[in-house]
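A short worksheet on the structure shown next.
Please treat every number below as a calculation from the coordinates, not as lab data. These figures come from a predicted structure and were not determined experimentally. Backbone-built Cβ (ideal geometry, glycine too); neighbour counts: all protein chains shown.
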Amino acid sequence: MSDRTLLSTKPIPSRDRLIFALDVPTPEEALALVDRLGDSVTFYKLGMQLFMTEGYFGLVEALQKRGKKIFVDLKFFDVPETVKNAVANLSQRGVECCTVHGSEAILRGAVEAKGAMKLLAVTVLTSLDRGDLDDLGFQCDVEELVYSRAKRAFAIGCDGVISSGLEASRLRSGLGEKLIIITPGIRPVENRPVDDQKRTVTLSEAFLCGADHVVVGRPIRQAADPRLKAEEYQSEIAALFAGVPA
Ligand code: C5P
């Protein structure tokens, strides 16, 4: 699985390589956690749970005022024109990146409208395993499916993909250094489900397989001291990338 020589050498500030999934019920709880995390987290992923509250874009602005980077993870999927218009509106918000998935036409619509915002294609959710894919009617190998979706998305003009660490090395070696790879499903043990995430890797393994960023939610949020846990991850990342220009 892993080719441990694939550390991405893009000039990314080391602390921005950790993206924290801000999966909490309300904007108030979100901001309290952001303030508790302080400097230990510079990059936040805002997903569907907070989008279903009134304060999603107020929270985006509050985070931007604190100098934080934002990843809008709403996994856009609709007819191409609707996705294009949603992406066009979002591109005015000053966020770093967002997620989209679907057919070539959907991705093309999103690419046309993205402006300076980075567009990341969802490949295969890290919570899906072989059995889930059978259930959804996909007979092909998971790695093949991730690779072919990533290759298509990159060719169309997406900046990168969301991929499990288990497939990241194949993507990095096959699609090159320019592709942005963001890896969720970070857990203390590799490829062993402890919750709904099934195709998991450790934080170091994700980077050694070529990820540019990792997305971490519960391992930080549910830690006794989230800030300490985030700082532990930051130290691990700083050690891995020591000597790589930021
Ligand atoms: O809590 P946990 O570390 O599992 O959080 C992972 C985050 O990454 C969640 O917000 C989830 O929605 C998101 N995500 C994922 N797999 C993808 C895309 C996004 O787990 N393929």
Subject >> Residue-averaged 222 nm ellipticity for the chain, from DSSP H runs of 4+ at -39500 (n - 2.57), nearest 500 >> reply: -12000 deg cm²/dmol
Original post:
For segment 4-240, with the dipole built from +1 on Lys and Arg beta-carbon atoms and -1 on Asp and Glu ones, taken about the Cα centre, which of 60, 26, 131 lies farthest toward the positive end?
Top reply: 60
Original post:
List the GluC sites (Glu not before Pro) in segment 166-206 that DSSP assigns to loop (not H, G, I, E or B) and whose Cβ has at most 14 other Cβ atoms within 10 Å. Which are they?
Top reply: 177
Original post:
If we count every other residue with Cβ under 14 angstrom of residue 80's Cβ, Lys/Arg +1 and Asp/Glu -1, where does the sum land?
Top reply: -1
Subject >> Relative contact order (percent, whole number), segment 116-167, Cα cutoff 8 Å, 6+ residue spacing >> reply: 57
Original post:
Tell me which lysines have Cα within less than 17 Å of residue 68's Cα, excluding those fewer than 8 residues away on the same chain?
Top reply: 45, 118
**OP:** Return the aspartates and glutamates within reach of residue 178: Cα separation strictly under 13 angstrom, same-chain partners fewer than 8 residues apart disregarded; answer none if there are no such residues.
**Re:** 159, 212
Original post:
By the gyration tensor of its Cα atoms, with a ≥ b ≥ c the square roots of the eigenvalues, what is the shape of segment 1-98: rounded for a/c under 1.5, prolate for a/b over b/c, or oblate?
Top reply: oblate
**OP:** Lys and Arg at +1, Asp and Glu at -1: add these up for the other residues within a Cβ distance under 15 Å of residue 180 and post the number.
**Re:** +3
**OP:** Quick one: which residues, 5+ away or cross-chain, put their amide H under 5 Å from the amide H of residue 45? H built at 1.01 Å from N.
**Re:** 20, 21, 22, 71
**OP:** Provide the net charge surrounding residue 147, with neighbours chosen by a C-beta distance below 12 Å and charges set as Lys +1, Arg +1, Asp -1, Glu -1.
**Re:** +1
Original post:
Put a dot 7 Å past each Cα toward the Cβ at residue 36 and residue 223; how far apart are the dots in nm?
Top reply: 1.3
**OP:** Express in whole angstrom the spacing between the alpha-carbon centres of segment 109-155 and segment 165-211.
**Re:** 14
Subject >> Rounded to the nearest 20 debye, dipole of the chain from Cβ charges on Lys, Arg, Asp, Glu >> reply: 600
